[in-house]
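Report on one structure; see the data block that follows.
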Amino acid sequence: MVKRIIILCVLMLSIIGISCVNAASPQITAIKWGVNSGNNLRIVLDCTQLTSAKAELTDGALTITVNGKLTPTISRRYSIASSTVKSMNLVAKGDKTILILPLKRPVKSSEYKLFVLRSNSGANRPDRVVLDIVNGGLNDGAQKNSIAASCIVPTYTVTGGIRGKHITLDPGHGGSDPGAHGLVTGVQEKSITLPVAQKVKALLENKGVIVSMTRTTDVDVWGSDATDVQELQARVDVAEKNKADLFISVHCNANTNRAIGGFSTYYNPKTPYDEKLADFIQNRLLKTGNFRDLGTRSANLYVNKHSSMPGVLVELLFLSNEREEKLLRSNWFQNKMAQAIADGIEDFYKQNGGVS
Amino acid sequence: MQIRKKLIPTLIVMLFCLFLVSGCEPTVSPNTTNPSASSTVKNNNVKPTVDKKIVLYRVPTDGTQYLLPETKSIKVAENDFALATLKALVETLPNDKTMQNIFPKGTKVLGVDVKNGIAVVNFSKEFAAKTEGEYATVMMVNAVVNTLTQYPEIKKVRILVEGRKIEVLGQMDLEEPLSRNETFIKKAK
């Protein structure tokens with residue numbers, strides 16, 4: 001018995017990893033369920049690839065929405081002999097499949113758990129979505145307050161080198177929002193972030209990257225009457241729609257103290273990669289000349305927080321600093337900064353076991 | 001021996017459960033730490049005062065991006081320490097020339113309400129004044145958050161302006177309460 005538990009646990013631990021791959025649309029190829037001696041129910045959906053699912057407790061039923069189509073051979077109705085769930089009905093809805101589980105008794109949110117398991121070739125198991133309903137709860141206090149559980153599988157990829165990656169570049173500000181301005185010439189931030197981002201685009205494309213831009217001209221991304229949130233979310237949406245592997249926002253800093261200068265790179269540590277990416281880009285930026293290192297900082301910036309893929313927001317020098325304003329306006333230094341950003345991104349992929 | 005045999009797999013199972021929980025949960029679960037340590041801070045002058053040593057995270061004048069701790073002793077009523085500390089940060093100047101107050105001119109602390117581990121801070125409208133560049137915004141917000149989270153009963157800080165939620169300040173997202181940010185504090189070597 002003890003041996004069995006150990007083997008089971010080691011197996012389970014080994015198949016949990018960071019899952020970052022996605023290609024064609026996922027399909028559900030088989031559905032299994034079982035009840036153990038403790039009367040706990042487990043439902044397993046075999047899938048062609050890792051996918052996401054969410055669970056919701058509604059009136060007398062638990063509903064699971066899986067991002068994946070049913071293969072035609074799968075039965076749509078199951079009667080289930082468990083203490084909590086009576087039956088299971090499957091409904092196809094577009095690319096999604098909805099599992100409806102009518103409940104025999106009210107189930108608390110702490111009593112069920114939805115998660116994904118990565119394929120295990122050793123055990124001949126495919127990628128799976130798993131629902132556990134455990135009588136009396138999962139001993140997880142933190143979960144009791146949540147009414148919905150979800151399991152999101154990231155769609156970005158960090159391995160395999162830079163070639164073929166999708167990267168979204170976001171030239172900060174634009175249109176009705178000029179951003180900061182240079183104190184000597186009055187140059188606007190939006191008219192520096194755009195050419196720098198376009199230069200980064202060209203350099204990345206040379207490295208085999210598929211680049212999408214939140215804007216390519218002097219415009220608001222959402223529209224001139226947008227709220228701050230709408231405008232920033234519109235930029236995140238570009239990255240999400242393009243299933244970007246990275247999101248890079250380009251800005252210039254400014255301050256009332258004209259002596260302040262230097263580079264800083266902000267990130268939000270929402271994935272294991274944001275901070276690393278920030279470090280690689282910041283290191284390259286510092287090599288462009290003799291500038292102050294303001295460091296990489298975890299900051300709760302909207303675009304970094306709300307995008308699902310690793311990303312950073314770079315602050316390229318200070319427009320309020322006379323020397324830096326001059327450099328920011330010059331074509332050759334814009335090229336230098338763009339090269340640093342592109343190289344930093346390449347460094348990031350090299351460090352992640354990729355070959356480029 | 002028998003006990004040890006059972007203990008190891010039990011530990012592994014527990015570890016595994018932890019893994020599942022941390023891997024797949026949405027991060028929206030409300031903060032439930034220290035429900036007992038709730039204190040409402042309002043203008044109430046009849047409480048006995050105590051001397052309290054506080055730390056204010058100030059913005060440096062040298063243009064680096066680390067907050068500098070200024071220690072101060074203040075006289076404060078037992079339950080008013082959060083409000084008094086924040087007022088000291090926002091409405092006074094630092095004693096040291098290496099530090100500065102970068103809150104927009106006229107910014108006032110209208111109130112601090114600590115409940116369930118979250119300090120809800122209410123600033124006057126000046127706090128949200130448009131400033132150019134991200135430096136001042138991130139330093140100012142993190143100064144507030146790191147100063148208040150020195151108290152164990154404050155885990156997170158929600159910022160309101162004139163009693164209203166602000167979703168975005170500059171590029172910063174202020175929709176949800178913010179946690180202490182150690183990346184703005186220089187590590188002692």
Legend entry - Residue with peak Gaussian network fluctuation, chain A [Cα springs, cutoff 10 Å], from A:Gly208, A:Gly179, A:Gly38: A:Gly38
Legend entry - Set B:Lys53/B:Lys115; B:Lys52/B:Lys108; A:Lys69/A:Lys350; A:Lys96/A:Lys207; A:Lys287/A:Lys326 screened for pairs whose C-alpha atoms are more than 27 Å apart: A:Lys69/A:Lys350; A:Lys96/A:Lys207
Inset, instruction - Give me the Kirkwood hydrodynamic radius of chain A, using the inverse of the mean 1/r over all pairs of distinct Cα atoms, in Å to one decimal. - result: 22.9
Inset, instruction - Using only Cα atoms, tell me the angle between helix A:228-241 and the longest principal axis of chain A; keep it within 0 to 90° and round to the nearest 10. - result: 70
Legend entry - For A:Thr65, net neighbour charge (Lys/Arg +1, Asp/Glu -1) across residues whose Cβ lies under 13 Å away: +2
Legend entry - Cα point-scatterer Debye curve for the range B:31-184, base-10 log of I(q)/I(0) at q = 0.13, 0.15 Å⁻¹: -0.56, -0.75
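Rounded to the nearest 500, what is the 222 nm mean residue ellipticity of chain A from helices alone, with -39500 (n - 2.57) per DSSP H run of 4+ residues and division by all residues? Write out the running numbers ahead of the final one.
Numbers: 7 runs with 92 residues, N = 356.
The helix contribution divided over chain A gives -8000 deg cm²/dmol.
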Legend entry - Table column - 3J(HN,Hα) (Hz), the range A:28-41, Karplus curve with 6.51, -1.76, 1.60, x for Gly and Pro: 8, 9, 7, 10, 10, 9, x, 10, 8, 5, x, 6, 8, 9
Inset, instruction - Compute the acute angle (0 to 90°) between the alpha-carbon long axis of helix A:331-351 and the principal axis of greatest extent of the alpha-carbon atoms of chain A; round to the nearest 10°. - result: 30
Legend entry - Counted charge near A:Ser87, where neighbours are those whose Cβ lies closer than 12 Å (Asp, Glu -1; Lys, Arg +1): +4
Inset, instruction - Mind listing the long-range amide H neighbours of B:Tyr57? Cut-off is under 5 Å, sequence gap 5 or more, other chains count too, H placed in the peptide plane at 1.01 Å from N. - result: B:Glu70, B:Thr147
Legend entry - Summed residue charge, Cβ within 12 Å of A:Asp343's Cβ, Lys/Arg positive, Asp/Glu negative: +3
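Bear in mind that the values in this text are calculations on the coordinates, not laboratory data. All values derive from a computational prediction rather than experimental measurement. Glycine also receives a Cβ, built like all others from the backbone with ideal geometry; neighbour counts cover every protein chain displayed.
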